[in-house]
1. How large is ³J(HN,Hα), in whole Hz, for each residue of region 601-613 in order, when computed from phi with the Karplus curve 6.51 cos²θ - 1.76 cosθ + 1.60 and θ = phi - 60°, using x for Gly and Pro?
2. Taking a point 7 angstrom from the Cα of L137 along the C-beta vector, which residues in region 156-170 have backbone N less than 19 Å away?
3. Taking 0.36 nm per intervening residue step and subtracting the Cα-Cα distance, what contour gain separates Q664 from V230 on full extension?
4. Skipping prolines and chain starts, which residues have an amide H placed within reach, meaning under 5 Å, of the one on H384, given they are 5 or more residues away or on another chain?
5. Using a 7 Å offset from the Cα along the Cα-to-Cβ direction at both D82 and A618, what is the distance between the two label points in nm, to one decimal?
6. Compare E146, E610, E550, E461 by solvent-accessible area with a 1.4 Å probe and give them largest first, with all protein chains kept in place.
7. Using Cα-Cα distances under 8 Å and only pairs 6 or more residues apart, what relative contact order does region 458-684 have, in percent?
8. Kindly write out, for region 317-324 in residue order, the coupling ³J(HN,Hα) from the Karplus curve 6.51 cos²θ - 1.76 cosθ + 1.60 (θ = phi - 60°), rounded to whole Hz, with x marking Gly and Pro.
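The values are calculated or read from the model by the stated rules, or taken from the named source; none is laboratory data. Predicted model only: the values in this text are computed from it and were never measured. Here the Cβ positions follow ideal geometry from the backbone for every residue, glycine too, while neighbour counts run over all protein chains shown. Accessible surface areas use protein heavy atoms only, side chains included; no ligands, DNA or RNA. Shrake-Rupley method; radii C 1.70, N 1.55, O 1.52, S 1.80 Å.
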Amino acid sequence: MELLPRSPAEFGSARYWDRFFRQRGQRPFEWYGAFPELCPVLHKYVRPRDKVLVVGCGNSELSEQMYDVGMCQDIVNIDISDAAVRQMRERSASTRPGMSYLLMDMLHMDFPDAHFQVVLDKGTLDALLTDEEEATLAKVEQMFAEISRVLQVGGRYLCVSLAQAHVLKKAVEYFSQEGWVVRVHQVASSGDKQQFVLPVFVYVMTKFRKVPGSAAQILEICSEEQDRPVRVESAERLLAAVKDRQHYALLCSQISKTPCREQVSLDLCDRESGKPRYTLHVVDSPSVKPSRDNHFAIFIIPQGRETEWLFGTEEGRRQLAASAGFGRLLTVALHREQLYEGMAAIQAELSGKVMELAPPGLPARQQVPFLSVGGDIGVRAVRHRGSSALSGDFVVEDVKGDGSCYFRRLIFLQNRNVVQSEARLLAPTPLPGQKKRRKDKKKPSPTEPAGAIDKSYLCCEHHKAMVAGLCLLGGPDALPGELAVLVVGLGGGSLPLFVHDYFSQARVAVVEIDPSMLEVATHWFGFCQGERMQVHVSDGLDYVAKLAAEAPAQYDAIMFDVDSKDLTVGMSCPPPAFVEKPFLQKVKTILKPEGVFVLNLVCRDARLKESVLAALRAVFPLLYARRIQGEVNEILLCQAGPAGRRSPSELGARARALEGALRQPGRPWDSSYVLADMLQAVLVL
């Protein structure tokens, strides 16, 4: 502790450094790593015939090691500490004739202009730029000006630094404005995290003649595993890229020492595009008793299945980790914008990175298994990409589910982990990576639907519960007769299609605000309009308000399945305006006296949810709730008519009767869909 300065300002004091090196003695003091870590970067920019100046050399062995391996043998070292200079002269006087040590202040150097090809600084800028006071910044500018003066055009200033934000910002701004090329390298770690948790960087500033009037900047970054630099468009983006790498290093350090109390999530991005390629979740299972072979495993989530409860929720991943029997499970989700050659290629690409996230206590050279479902990476084919002024960018994709089933999904990319709409395909769709049964079989065009939609299958559990809620209509033992149904929110159209096809006398009106969704539903999800099915492209709020004023009491059932575009609100379905009391009064107005209002509620904000329930109770005296297991969705069944309150068992009996009426000979029915099961767990609110 006695070696540390009393204040940061002492880092610029010759007296402090003299005392430091006298107390430390002959032991080399290596700022930010030793020669083996720095060598790969230095080797790129220091040539054997270069004349090299090392500023603030201290008693580091760096220049000695550069000399001894033949990297360069014309090296001048300067420092403001007389004790350090005398130590180093004694060490190298007889063995390194091309090496010299001078007592000199780098702010006022005696060398002529353009005297060196390389200036090397290991931690000196960091020691000088301890704050952003005016006097400190003036010293830094003087340092940069002197370095610029003694460097030849084409020469390189190599600065080894921890890249604190204010230090990197100052260096980048100064030299880029002078017309120099600025490149930042991340130094490969030796694996020893004890001295510095933060990664070490080398700024490489290459001197060019300043072109008058030119504002062009060349800024680049190289990560530790990259050979090729990546161009960035601004100093802000360069600083952000460095900050991301620092946060990642801190994360790796933390989770390598202690188990994670909460699941940690991070993205690994593609080097070229900068877009996310893998999303990782670190899941620790304290209940798993550690042994040599169960410390750590990697689980590759098959493409298209990252939205499933087991892989897409914290509780699901927790169960996955516990059932896998590993103390730490690292789940890996694959992104739809990326191409993957197979499991072996993914393992090769990830093997280095995932070991940085290994748990404490992992035995040395331990083989870490890669796991998956069925041993493959799954299949995903994007059938259509589009953009809507209301919904933003979206994709329609076909994925292989568990077993041999294939599904078509609509995904809004602003919330890419949520399946907006889903439908099962009647036959397996030919997807990339699959063998064709017949050579002459025509491959489907990626712009055309590749398989028929199974309209009898409701993929979403909340849609099943919404349909089951229609058992509140009609008599206790009969299928409701002629029905007028209003559905607000089209999506892929599976909900209104099911009602239309299975309630043969139902007339269904659908309100959808986004015309793009009508096109998607029609072209990709088998939706079609007809005499009993009409779509109105309109804002649901306006449509209901207009009906309430002109044509009250006309619907037997009203279903709200409409998402919110405002992701800042703790309720993603429906938008808050749809559950405000004045609007709910209008909903009640257009509902027949014994009708049912069915609402899909997705609300994570407990206070907001309670206010929604209070508004519903104020308008609809009868309120039933069906929570969807493993999801945030909750289906609310609301009635305002004279029908008495029904128990869950009575609701189950009515649901069984309704299912019996719907299941007709010759009409397909998904055997896993039991209406009574949907309502047995209903809560009476």
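1. Karplus-based 3J(HN,Hα) across region 601-613 equals 10, 10, 9, 9, 8, 4, 5, 5, 4, 5, 5, 5, 4 Hz.
2. Counting only backbone N, you get 164-170.
3. 150.0 nm
4. V396
5. Label-label distance for D82 and A618, simple model: 8.4 nm.
6. Ranked from most to least accessible, the order is E550, E610, E461, E146.
7. 22 percent
8. Once rounded to whole Hz, the list reads 5, 5, 5, 4, 5, 5, 5, 6.
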